[in-house]
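Enquirer: Below you'll find the structure I mean.
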Amino acid sequence: MSEELQLHEQGEKIFVSIRLRPLQDKARNRICDWECANNDTIVFKNSLPERSMFPAAYTFDRVFDSESNTIQVYEEGAKHIALSVLEASIFAYGQTSSGKTYTMRGITEYAVSDIYDCIERQEERDFVVKFCAMEIYNEAVRDLLSPDSYPLRVLDDPERGTVVEKLTEVVLRDRDHLHELLTICEAQRQIGETALNETSSRSHQILRLTIESSAREYAGAGNSSILAASVNFVDLAGSERASQTSAAGTRLKEGCHINRSLLTLGTVIRKLSKGRTGHVPYRDSKLTRILQNALGGNARTAIICTMSPERIHVEQSRNTLLFAKCAREVRTNAQVNLIMSDKALVKQLQRELARLEKEMRSLGSASVKGDTAGVLREKEKLIGQ
């Protein structure tokens, strides 16, 4: 069996990286338990007896220390996923106040810039870029591009899979238009203050960029399809402990919903890491149901797990690493998405017929009668197609 066929049957692993955030000013005197040994290994360096059961080292596809900037994280941990002409998803996962939103904001910005640079270089194809955005707040899905705050229904479509009903999708004019919409999403998203974070994200945010392209010139019926690719930028709310965040009332309710959906996400990842033999509880959470394709279907996926190095977060840091370890064993099977568009085919055929008719009018001499007959046959063949 060839190596390519084996890869297709086995699928592709999720690309998992770890980002260690710098110490905050108010935590400069705190003890740190984690350090990056090299580019793919993070080490637990504390030797306290009660931590003796912890593994000494964890290995991933890429590990970024506290000195790494966001563009480096994007270039080495997400760019190859974002620019694939496939279904792609990039996640930020980690405990509250570990730098997820900061990381995803930068990665989204760099990815959008690279995507538009690629589009501008492809002169032989026409592109349509669409954008939609949603958040999952207290297990309710809300459209971030709509002023209405009513919850949207999550439905199963036989062709498209899981879809969010009545979600606004905007056709973008240019990259500046997208930046305007990203600003609106940031303003609309639910945030709140906790003891650990003044601007804590209280919802999971999913931004989706869909790129459709078609050849400008007709190249045969077999090449008249539209290529469709999409990139999901997923900024998960952080797991949190009420004892650390001092959460009460609304904040406590939000934290419970966040932790419950992240627990379901962890369960799905663990099930998928062991293969697809048993039931995978995608439907136990709106988050996992919407992202089912990204987690175990037709997609290429990168997960960036962020960590706080302080000792007070050691339990949650370890949980983050265990999640990342399971995620690294999950395999997806990304394939190019082709949309057979009748309108696009008819349009291209009309262009080709117009070209052939122009050529026929220019053929006036008897010496080219044989060629004219060939052109007529080609025209009849195209009409038949």
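The values are calculated or read from the model by the stated rules, or taken from the named source; none is laboratory data. Keep in mind that this is a model prediction, so the values were computed, not measured. Cβ sites come from the backbone with ideal geometry, for glycine too, and all protein chains shown count toward neighbours. When the accessible area is computed, the model is the full protein with side chains, heavy atoms only, and any ligands, DNA or RNA have been set aside. Shrake-Rupley method; radii C 1.70, N 1.55, O 1.52, S 1.80 Å.
Enquirer: List the residues whose amide H sits under 5 Å from the amide H of Arg19, counting only those 5 or more places along or on another chain, with H placed 1.01 Å from N in the peptide plane.
Expert: Residues meeting the amide H criterion: Phe64, Cys305, Thr306, Met307.
Enquirer: Tell me the per residue accessible area of region 10-340 using a 1.4 Å probe; a whole number in Å² is fine.
Expert: 47
Enquirer: Relative to the present Cα-Cα distance, how much length would full extension add between Val43 and Thr59 at 0.36 nm per residue of separation?
Expert: Details: separation 16, 0.36 × 16 = 5.76 nm, distance 0.89 nm.
Fully extending the segment from Val43 to Thr59 adds 4.9 nm.
Enquirer: By how many nm would the segment from Leu322 to Lys130 grow when fully extended, if each residue of separation counts as 0.36 nm and the alpha-carbon distance is taken off?
Expert: That pair, Leu322 and Lys130, stretches by 65.6 nm at full extension.
Enquirer: How many angstrom lie between the C-alpha centres of region 286-310 and region 86-118?
Expert: After rounding, the separation between the Cα centres reads 12 Å.
Enquirer: From the phi angles alone, apply the Karplus equation (6.51, -1.76, 1.60; θ = phi - 60°) to region 253-258 and give each ³J(HN,Hα) in whole Hz, x where the residue is Gly or Pro.
Expert: Once rounded to whole Hz, the list reads 4, 4, x, 5, 5, 4.
Enquirer: Also, quick follow-up: Once phi is turned into ³J(HN,Hα) by the Karplus curve 6.51 cos²θ - 1.76 cosθ + 1.60 with θ = phi - 60°, what whole-Hz value does each residue of region 36-41 show in order, with x for glycine and proline?
Expert: Using θ = phi - 60°, the values come out as 8, 6, 7, 6, 9, 9 Hz.
Enquirer: Hey, rough spin-label estimate for Val171 and Arg377, points 7 angstrom out along Cα→Cβ, what's it come to in nanometres?
Expert: Here the answer is 4.1 nm between the modelled labels.
Enquirer: So, one more: List every residue whose amide H lies under 5 Å from the amide H of Thr301, counting only residues 5 or more places away in sequence or on a different chain, with H placed 1.01 Å from N in the peptide plane.
Expert: For Thr301, whose amide H was placed from the backbone, the distant partners under 5 Å are Phe15, Ser89.
Enquirer: Continuing with this model, one more query. So if each residue of separation counts as 0.36 nm, and I subtract the Cα-Cα distance between Ala354 and Lys13, what length gain in nm does that give?
Expert: So the extension gain works out to 118.0 nm.
Enquirer: What percentage of the solvent-accessible surface of region 249-325, computed with a 1.4 Å probe over protein heavy atoms, is contributed by carbon and sulfur atoms?
Expert: Details: 1620 of 3160 Å².
Roughly 51 percent, rounded to a whole number.
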